[in-house]
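Have a look at the structure below, then the notes.
The values are calculated or read from the model by the stated rules, or taken from the named source; none is laboratory data. Predicted model, so just to flag it, every value in this text is computed and none were measured. A quick note on method: Cβ atoms are made from the backbone with ideal geometry, for glycine too, and the neighbour counts reach across all protein chains shown.
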Amino acid sequence: MTAAETTGTEEAREGFGASPNRTALERFLRHPTAMASTAVLVLLGLVTILAPVIAPGDPMRVNPVARFTAPGAEYFFGTDNLGRDVFRIVVHGGRTSLLVGLVVTVVSVSIATVLGLVSGFFHQVDIVLMRFVDGIMAFPSIVLATAAAAYLGASVSTVILALSFVLIAPSLRVVRGQVLVVRELQMIEAARATGVPTLRIFRRYVLPAVTSPILVQASFIFSAAVLGEAALSFIGVGIGPTDLSWGNALTEARDYIGRAPWIVIFPGLALMITILALNLLGDSLRDILDPRLARRR
Amino acid sequence: MTAPLLETRALCKTFGKVQAVRSVDLALPRGRTFGLVGESGSGKSTVARLVLRLIEATSGDIRFGDEDLRRLGGEALRRRRRRMQMIFQDPYGSLNGRMTVGETLVEPQLVHDIGTGGRARRDRARSLLREVGLPDSAMDRFPHEFSGGQRQRIAIARALATDPELIVADEPVSALDVSVQAQILNLLGDMQREHQTTMLFISHDLRVVRYVCDEIAVMYLGEIVERGPRDRVYDRPAHPYTQALLTSAPGSPRKDGKRAKLAGEIPSADAIPTGCAFRSRCPHAFDRCKIEAPRMQDVGGGQTAACHLLDR
């Protein structure tokens, strides 16, 4: 999902078509949890992408006559205090939630990968970066993201920026740790002895070797980002009130939790299923890609 | 005789308190195989990495051809690597498991602008494979599909890909089964002769070194204690350490018991004995050995050794 794509015809052989990875793919296909969580995530993705088809109409449209309608044939998930269709809110809100999750994951993991490579190879940079990372991680990330979001103002891009910043730190740790292991491998010394330029060593030797842990990390970052967006939106510093997301839906619903629990339950359930699927995927990826387990086969 | 291809002067390397290499002078004649022998911990692998500048020397000079290798920076050094390649001990670790054999053999050509275009480079890769006795079909396979000996053949082919003047082979057969060792040694010998390559061959195994090397230097605790043409050193070892090594080597013809066996372990390189470094294990050590470090002296026939006994 990250920068593992290589370009050029000569290098096309590398990557997931390569045989060490093919076995990993085979393991993936035979791993029930991995497949189930992937299926759930693909389904969620499809539903949100096809939102205008699955739940046509403006999700923000109010219908005072139909306020607090219980889930039923007309409104699958019921309606909220303004008579809005909760099903529509959940389906359309998922777009923002998953989009934020995806963008934050790609941005933070990519940056962390580059910084981690540099940090693992250049000691001076490492000292500075790691103190910085310690600083960020010593702080509760939600508080930090809240501060950043509050300072920048509520919007989708703010949330993405704040969460990306906060989530770089843990990914950077993972990548750097892995790079420190890989750089000691003899193939790196052999490549240097051959005269392979440093950048190419990064690209052809180090990056492929750290891809697996990065993938695992990415799935956890994804869930942290989705949850982070919900948390920020819930406390009112996330995306603006005019935008829809699961977090926003929960905020507005919390006052009516006693009277119309479905307003809370359905967005909450969507959030929960997403997080669960992502975490299970991360766990199974770790099992599948763990080199010790791989070698045991 | 022409000037040596590789020459070191007073080459030193310390890691913190550890003196891994202490004032090593080497001269590798062109087109010959030069053996560097010693126990593990003697600093021979460090010398290999120093002369290729995979690690930086603490002090001393390295001359490669007619230039001062230690003065070369970044890109100039990288380009120079075309002319000096290395073969490692571990054929499992020194190849990139995610690159096919073909890619592994194309890479050195690619990064040194050898050949034009992918097709020419792949053709050359195939001819290199044939040269080391592997079929063309190996091109699209991955290192893990090969045995240790086959992988070492791939590593040799990679080293030959740039047509280097110098090949440093660091224990190239130590990780292999004995039955395979001879094949790889023969291959290395053939390659060296055919390409007129200069080779620095590093090993702890005296039988192996005798088999492939023209000249030999024996290292002990970071120093060269004896050096000379192969047959001179094997037939008439001048230094007690060399004598002991030859006696303790399995299959050694000298089992008459007249020569002392090598007792004890090599001392730690951060606690090197004063005077002669070998005196703590030397059966002939006397007072002078404690005080004064012996100098290299000529013992005839191009052989030199550093031992006070030679003054007696």
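Selection over region A:21-53 of residues that are among the aliphatic types (A, V, I, L, M), free of Cβ contacts under 8 Å to residues at least 60 places away in the same chain and either closer than 23 Å to A:LEU278 by Cα or not in a helix (DSSP H, G or I) (or both) gives a count of 11. Considering the conditions (1) surrounded by fewer than 18 Cβ atoms within 10 Å (Cβ to Cβ); (2) among the polar types (S, T, N, Q); (3) closer than 30 Å to B:ARG141 by Cβ, B:THR58 is excluded by exactly one of them, (3). Taking region A:199-215 as the range and being more than 7 Å from every other protein chain (Cβ to nearest Cβ) and either outside any helix (DSSP H, G or I) or without any contact (Cβ under 8 Å) to a residue 24 or more places away in the chain (or both) as the test, the residues that pass are A:LEU199, A:ILE201. For region B:135-150, the set of residues classified as assigned to a loop (DSSP other than H, G, I, E, B), over 25 Å from the mean Cα position of the chain (by Cα) and more than 14 Å from every other protein chain (Cβ to nearest Cβ) consists of B:PRO135 only.
Checking the condition touching a helix residue (DSSP H, G or I) at 6+ places or on another chain (Cβ under 8 Å), away from chain B (no Cβ under 14 Å), closer than 25 Å to B:ASP90 by Cα and at pLDDT 90 or above, which residue from A:LEU163, A:LEU172, A:LEU180 passes? Answer to the check: A:LEU180. Within region B:54-63, the set of residues being under 18 Å from the mean Cα position of the chain (by Cα) and either assigned to a loop (DSSP other than H, G, I, E, B) or facing chain A (nearest Cβ under 10 Å) (or both) comprises B:LEU54, B:ILE55, B:GLU56, B:ALA57. Restricted to region A:216-297, the set of helices (runs of 4 or more DSSP H) holding at least 1 residues that are of a type outside the set (Gly, Ala, Ser) and either under 13 Å from the mean Cα position of the chain (by Cα) or modelled with pLDDT of 85 or more (or both) comprises A:246-253, A:262-289.
State yes or no: is A:THR158 modelled with pLDDT under 90 and surrounded by 18 or more Cβ atoms within 10 Å (Cβ to Cβ)? Criteria met by A:THR158. Taking the numbered list (1) of a type in the set (Gly, Ala, Ser); (2) on the phi < 0 side of the Ramachandran plot; (3) more than 14 Å from chain B (Cβ to nearest Cβ) in turn, A:GLY236 passes all entries but (2).
Number of residues in region B:89-124 that are at pLDDT below 90, within 8 Å of another protein chain (Cβ to nearest Cβ) and in a helix (DSSP H, G or I) equals 1. Selection within region B:64-79: residues that are buried (at least 18 other Cβ atoms within 10 Å of the Cβ) and modelled with pLDDT of 90 or more. The member of this set that is farthest from the other protein chains (Cβ to nearest Cβ) is B:PHE64.
Here's the yes/no breakdown for (1) surrounded by fewer than 17 Cβ atoms within 10 Å (Cβ to Cβ); (2) under 19 Å from B:ARG32 (Cβ atoms):
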site	(1), (2)
B:GLU145	yes, no
B:ARG153	no, no
B:ARG158	no, no
B:LEU166	no, yes
B:THR198	no, yes
B:ILE202	no, yes
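Could you tell me whether region A:116-133 includes any residue that is of a type in the set (Lys, Arg), outside any loop (DSSP other than H, G, I, E, B) and within 29 Å of A:LEU280 (Cβ to Cβ)? No, region A:116-133 has no match at all. The numbered conditions (1) at pLDDT below 90; (2) closer than 30 Å to A:GLY57 by Cβ are all true for A:LEU102 except (1).
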